[in-house]
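In what follows, a single structure is set out as structure tokens and then discussed.
The values are calculated or read from the model by the stated rules, or taken from the named source; none is laboratory data. Just so it is clear, the structure is predicted and the values come from calculations on it, not from any experiment. Note that each Cβ is placed from the backbone with ideal geometry, even for glycine, and that neighbours are counted across all protein chains shown.
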Amino acid sequence: MTISILGCGWLGFPLAKSLLKKGFLVKGSTTTLEKISVMENAGIDAFHIALSEVEIVGEMDAFLSNSEILIIDIPPKLRGNSNENFVAKIQNLIPFIEKSSVEKVIFVSSTSVYSDAISIDLITEKTIPNPDTESGKQLLEAEKILQNNSNFRTTVIRFGGLIGEDRHPIKFLAGRENLENPEAPINLIHQLDCIGIITEILEKNCFGKTFNAVSPFHPTRKVYYSKKALELNLPLPKFDESKPSVGKIISSEKIETVLKYTFQKPEL
């Protein structure tokens, strides 16, 4: 079976290498020309493709040719001064999928489609999304565009905060002061579990679904990040205790029951 991975970045590249080991044929895209040879050396059929709001640059038809499954892993660039139209990017992609051999899509989304609440609600896939960030709003719209298209079946995975051996929020938070929401629960997931869950969806042929994907481990931000700072010998972050914390607990029970998935890094 051939799988195309649109966006071989921090998650997509190790995912591609993992799927190759399992016997899948993998095509991968990157916006960085220098990465083409790195991907090819790993056994990936590499393509230089860039999506914009007005066009797609690169051989998209060839990238999708003979692939049964497309994995879309291109996060919105909406932080800082960037205000791209991510929804337009996805809309530009749709005609290429429709005329290709792709029958199934996995869309990597985010738990940012759910708003934070002072009551620290338990969030399941039955919770109605109500995003309060521009990124969350555009991801939710992109989810709908893909899942409402009858030409292919889309499974959406809403990942929590992504961490890995080379990526952890404490490196950004260490030593900072007046951090908000000390009592808000964490909702993080390790790169290994992201890859494991996507693989399970592929192997169980579980399409047309929506999954929340967060490690079942929810200490407060203050407790968790203070502990991580001590473990890594970093300066402790300091939190603002004067305002009520807002947040949410994301449930991954559906992943554990429907996919029968066991988390590899349950306590992060």
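Which members of region 88-122 meet the condition of being more than 12 Å from Asn151 (Cβ to Cβ), outside any loop (DSSP other than H, G, I, E, B) and over 16 Å from the mean Cα position of the chain (by Cα)? Full working, then the answer.
At the first step, the residues of region 88-122 found to be more than 12 Å from Asn151 (Cβ to Cβ) are 88-93, 106-122.
Now drop any that are not outside any loop (DSSP other than H, G, I, E, B), which leaves 88-93, 106-113, 117, 121-122.
Of everything in region 88-122, those that are more than 12 Å from Asn151 (Cβ to Cβ), outside any loop (DSSP other than H, G, I, E, B) and over 16 Å from the mean Cα position of the chain (by Cα) turn out to be Ala88, Lys89, Gln91, Asn92, Leu93, Ala117, Asp121, Leu122.
Residues checked against (1) farther than 30 Å from Phe107 by Cα; (2) modelled with pLDDT under 95; (3) basic (Lys, Arg); (4) under 20 Å from the mean Cα position of the chain (by Cα):
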| residue | (1), (2), (3), (4) |
| --- | --- |
| Glu200 | no, no, no, yes |
| Glu203 | no, no, no, yes |
| Ser215 | no, no, no, yes |
| Ser226 | yes, no, no, no |
| Asp240 | yes, no, no, no |
| Pro244 | yes, yes, no, no |
Discussion item. So for region 223-239 (the condition being surrounded by 15 or more Cβ atoms within 10 Å (Cβ to Cβ), closer than 30 Å to Thr199 by Cα and touching a Ser or Thr at 6+ places or on another chain (Cβ under 9 Å)), does at least one residue qualify?
Written reply: no
Worksheet entry | When residues of region 125-174 are limited to those that are among the polar types (S, T, N, Q) and either without any contact (Cβ under 8 Å) to a residue 12 or more places away in the chain or in contact with an Asp or Glu (Cβ under 7 Å, 6 or more places away or on another chain) (or both), the one surrounded by the most Cβ atoms within 10 Å (Cβ to Cβ) | Asn151
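From the residues in region 135-184 that are hydroxyl-bearing (Ser, Thr, Tyr) and within 18 Å of the chain's Cα centre (by Cα), which one is nearest to Glu253 (Cα to Cα)?
Among them, the one singled out is Thr155.
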Worksheet entry | Which numbered condition Ser226 misses (of (1) within 20 Å of Ile186 (Cα to Cα); (2) of a type in the set (S, T, N, Q); (3) touching a strand residue (DSSP E or B) at 6+ places or on another chain (Cβ under 7 Å)) | (3)
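Considering each residue of region 123-136, count those that are assigned to a strand (DSSP E or B) and among the charged types (D, E, K, R), and give that number. Spell out the reasoning first.
Of the residues in region 123-136, the ones assigned to a strand (DSSP E or B) are 123.
Those left that are additionally among the charged types (D, E, K, R): none.
Of the residues in region 123-136, 0 are assigned to a strand (DSSP E or B) and among the charged types (D, E, K, R).
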Worksheet item: If you check Pro185 against the conditions, is it under 24 Å from Asp121 (Cβ atoms) and at pLDDT 95 or above?
Response: yes
Worksheet item: Out of region 182-209, which residues are more than 15 Å from Leu11 (Cβ to Cβ) and in contact with a Ser or Thr (Cβ under 7 Å, 6 or more places away or on another chain)?
Response: Pro182, Glu183, Ala184, Pro185, Asn187, Cys206, Phe207, Gly208, Lys209
